[in-house]
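So the structure is just underneath, and the comments pick up after that.
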Amino acid sequence: MKKIFDNKVIFIFISIITLLFSLSSVVMATNDVTTNSTEEDILASYETGYSFASSDLLLFDSNIEISQIVDGNVFAYGGTVNVTGEIYGDLLVFSNSLNVSSDAIIHGNIFAISNNITISGLASDIYAISYSSFTLEEESIIARNLNIMSNSVSLIGQVSRDANIYTNSLNFADNAREVVKGNLNYISTNEAQIPDEAISGETKYTPINVDYKTQIINIITNIISALIYSFIFIMLTIWISPKFKDRIFEIVSKKSFKAFGIGLLVFFGAIIIIFILLLFTYGLGTTVGVATIGLLALTCSISNTVFSMSISKIITNKLNWNKNTSFVLFSLLFVLIIKLIGYIPYIGSPISFITSIIGLGTICINAYKRKDLVNTETQK
């Protein structure tokens, strides 16, 4: 899994933006079709007990249930997203788990980034990134193409056209028949055992060749680059704002949980704002959206360094080593430790993400506190 998800946060961020740009054209086409539909037409076509929503839905909650008819698109961000209703547009999901039940019908496409994805209903196309597992259940029918990147993929249902898969493990039922009616293209570390009648078209397997020498060189290069980048940033902050290290020390030592919460809010809030600007303003907010992308990327690139600086300040204060040399060396040491932890399979990426989020929250709190200090000095 490490091979597939190196630099996972950057990859997911780029993937989000790619999906958003793809969706902008799809939404225009979807709106043209659905505006001709009425509530009476839809309810007459499907005998359901669902409630009716005549516009796009934006849903944010720890647990989301989508059980109504939606004559538009649905954006859902939450811990668990369950879909049992009918969506006439597209479904865009960012969640820990996504479950599309056998009663669900998505007339448009599914765009999903989730830890676990289970599809049992009907959909047009699927474009998904699933860190842990993706399962296409027996009742499911994908009317067009399946495009998925996941650690483990299980195909039991039906894909009416082609399947393009990037995975460590691809699995079929022993008696699988016509699971993929078109072609199967998959990239994997292991060749899958595919029943003879499971694929109607051609099967193309591309192995992932693990080059350990190249991997080691890349890791060393990344670590050296991170240390140089962090060293430049640390020296600039000492020169431009000598009190910066004292302020972040106070924030992390006394308000680390607050910093983590604010960091999460800013990170996901920025993604949602970018999504809205790029998708719902039809190009009017593109400049602001791109600027927000750049600002978020820049801030995230220094967040782990800021976290390392705060820990370094805590250690040097405990040891009464108040010289800048000690502070810089300890900061670089913690940058190195966090970078090395990031390469540990499964636990490395979550730990790096947590430290990065704390660093992001620390930057935001520091900026707010500094603004208060400047206002106070102006009033004096």
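Restricting attention to the stretch 135-156, the residues that are over 19 Å from Gly85 (Cβ atoms), in contact with a Leu (Cβ under 9 Å, 6 or more places away or on another chain) and surrounded by fewer than 20 Cβ atoms within 10 Å (Cβ to Cβ) add up to 3.
Take the conditions farther than 18 Å from Phe231 by Cβ, modelled with pLDDT under 85 and in a loop (DSSP other than H, G, I, E, B) and apply them to Gly289. Does it pass? Spell out the reasoning first.
Working: farther than 18 Å from Phe231 by Cβ: yes; modelled with pLDDT under 85: yes; in a loop (DSSP other than H, G, I, E, B): no.
No; evaluated as a whole, the condition is false for this residue.
Residues that are among the polar types (S, T, N, Q) and crowded, with 24+ Cβ neighbours inside 10 Å: does the stretch 111-134 have at least one? No: the stretch 111-134 contains no residue that is among the polar types (S, T, N, Q) and crowded, with 24+ Cβ neighbours inside 10 Å. None of Ile347, Ile272, Ile251 is aliphatic (A, V, I, L, M) and crowded, with 19+ Cβ neighbours inside 10 Å except Ile251. In this structure, does Ile302 turn out to be modelled with pLDDT of 90 or more and more than 25 Å from the chain's Cα centre (by Cα)? For Ile302, the condition - modelled with pLDDT of 90 or more and more than 25 Å from the chain's Cα centre (by Cα) - is not met.
Residues in the stretch 67-105 that are surrounded by fewer than 24 Cβ atoms within 10 Å (Cβ to Cβ), within 24 Å of the chain's Cα centre (by Cα) and in a strand (DSSP E or B): Phe75, Ala76, Tyr77, Gly78, Gly79, Thr80, Asn82, Phe94, Ser95, Asn96, Ser97, Asn99.
Take Phe267 and tell me if it is assigned to a helix (DSSP H, G or I) and under 22 Å from the mean Cα position of the chain (by Cα). Answer is yes for this residue.
When Ile365, Ile338, Ile344, Ile357 are checked against the criterion of being farther than 24 Å from Ile238 by Cβ and modelled with pLDDT of 90 or more, a single residue qualifies: Ile357. Could you check, for the stretch 73-81, whether at least one of its residues is at pLDDT 85 or above, among the aliphatic types (A, V, I, L, M) and under 24 Å from Val179 (Cα atoms)? So far as the stretch 73-81 goes, no, none of its residues is at pLDDT 85 or above, among the aliphatic types (A, V, I, L, M) and under 24 Å from Val179 (Cα atoms). With respect to being surrounded by fewer than 11 Cβ atoms within 10 Å (Cβ to Cβ), modelled with pLDDT of 80 or more, of a type in the set (Ser, Thr, Tyr) and assigned to a helix (DSSP H, G or I), Thr325 fits the description.
Just one of the listed residues (Ile194, Ile262) is surrounded by 15 or more Cβ atoms within 10 Å (Cβ to Cβ) and more than 27 Å from the chain's Cα centre (by Cα), and it is Ile194. Scanning the stretch 328-344 for residues that are touching a helix residue (DSSP H, G or I) at 6+ places or on another chain (Cβ under 7 Å) and either within 17 Å of Ile219 (Cα to Cα) or surrounded by 20 or more Cβ atoms within 10 Å (Cβ to Cβ) (or both) yields Phe330, Ser331, Leu332, Phe334, Val335, Leu336, Ile338, Lys339, Ile341, Gly342, Tyr343. Can you find a residue that is of a type in the set (D, E, K, R) and touching a residue at least 60 places away in the same chain (Cβ under 8 Å) anywhere in the stretch 183-194? No.
The values are calculated or read from the model by the stated rules, or taken from the named source; none is laboratory data. As the structure is a prediction and not an experimental result, all values here were calculated from the model. Note that each Cβ is placed from the backbone with ideal geometry, even for glycine, and that neighbours are counted across all protein chains shown.
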